[in-house]
Amino acid sequence: MKAVILVGGEGTRLRPLTHGMPKSMVPVLNRPFLEHTLAHLRQHGVDEVILAVGYLPQVIQAHFGAGEGTGVRLRYALEPRPLGTAGAVKRAAAHLDRTFAVLNGDIFSDLDLGAMLSFHQSRQAQATIALTRVEDPSAFGVVETGPGGRVQRFIEKPHREEATTNWINAGVYILEPEALAQAPPDTHYMFERGLFPLLLEQGEPVYGYPFSGYWVDMGTPQKYLQLNCDLLQGQAQSFLVPWEGNEVRLGKGVVVPPGAELRGPCLIGDGCKLERGVRIWGPAVLGPGCHLGPEAMVEATVLWEGVTAGRGASLTRCVVGSHTQVQAQARLHDCALAGKPAAGGRSVTAAATPP
Ligand code: GDD
Ligand code: MG
């Protein structure tokens, strides 16, 4: 089966982390998020993927090329301007001549796509929407279903009191080419506010496929941090970076100095430099080339590449963007921060935003 992944959004909710980086390239266990998605799709029988790119496409293309090393063949559908979720897929319509899958590019799940395809075929559906249950559905597309899972109503981002169910659109669809044919070409058009409501209005067979496994939209710093921690703590599994137990996994050239305290699960990237008295309490991820000064402390935190933390700095439940310098003795918790080294080599603590 072919799949289209929507990776054209700007990832505004992940700022300041994503300045200059598409959301699909943010590191999860030190590998670009999209690599995890491709590994998941390959495991479920997808052999060709079309990436619907728009924002910073060159960053994605330079990394993935034609898919060498990913196990899937990659093509790109580039939008001259954002065309919306359905508009973006419509651009790839020439390559979609049989049943295909569409995925939001910020979803991590253990959804069994093969089982969903069987469900779709058994219902002879035009469109099948994967459904997951959440506490507060108001930030999502709420999907009301009836007998046999037939969708009755799709309401994108309803007010809390408008939401009649906790089952929401999980951002994974299986579609027939005839369904996509209804989307107008070269027009900004959304599945959520356009095509799904249209198909329902026309009485087309649209079904919801509920699943109860792991699911997260990692599009906010808090959810992004949660995903990394869940993968290290066994709540979620990646085919790309398998993880078991409370391992302390050290990259190349990492030396643990005497007196340092490393509690798993933690993943320390290549070339990280740890000074005496450092404490790393998992779940924690350090990107390659990080430098923790003497007595620095990191707990339940993800540091991207090249982060420096000065003597005695402490970071708890934080996400820190690439090459950020955290001042000595800084006490940071529950924040996402990113910053560039200041001129003259002085240390800066970048503006922090709560996740
Ligand atoms: N190519 C392209 N072009 N991609 C786009 C565009 C576009 O114009 N607009 C959004 N995307 C991509 C984003 O990059 C992201 O991967 C995906 O489409 C979904 O966009 P989000 O901005 O993350 O949407 P959301 O999280 O608020 O809501 C969507 O996902 C929820 C599940 O997490 C909706 O599909 C909801 O109905 C759903 O419940
Ligand atoms: Mg999202």
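At a glance:
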| quantity | calculated |
| --- | --- |
| Some residue of region 38-50 being in a strand (DSSP E or B) and surrounded by fewer than 19 Cβ atoms within 10 Å (Cβ to Cβ) | yes |
| Test result for Leu267, surrounded by 14 or more Cβ atoms within 10 Å (Cβ to Cβ), closer than 19 Å to Asp230 by Cβ and not assigned by TED's automatic domain parsing to the domain that holds Val298 | no |
| Criterion (part of a strand (DSSP E or B) and either buried (at least 18 other Cβ atoms within 10 Å of the Cβ) or more than 11 Å from ligand 1 (Cβ to nearest atom) (or both)) met by exactly one of Arg98, Arg75 | Arg75 |
| Number of the exception - Gln182 against (1) assigned to a strand (DSSP E or B); (2) touching a helix residue (DSSP H, G or I) at 6+ places or on another chain (Cβ under 9 Å) | (1) |
| Strands (runs of 3 or more DSSP E) fully within region 203-301 counting 1 or more residues that are more than 16 Å from ligand 2 (Cβ to nearest atom) and polar (S, T, N, Q) | none |
| Filter pass, Glu10 being touching a residue at least 40 places away in the same chain (Cβ under 8 Å) and in a loop (DSSP other than H, G, I, E, B) | yes |
| Which listed residue, of Leu200, Leu131, is within 16 Å of ligand 1 (Cβ to nearest atom), over 30 Å from Gln235 (Cβ atoms) and out of contact with any Asp or Glu (no Cβ under 9 Å at 6 or more places or on another chain) | Leu200 |
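The values are calculated or read from the model by the stated rules, or taken from the named source; none is laboratory data. Keep in mind that what you see is a predicted model, and the values were worked out from it rather than measured. Counting neighbours? That spans all protein chains shown, and the Cβs are built from the backbone with ideal geometry, glycine included.
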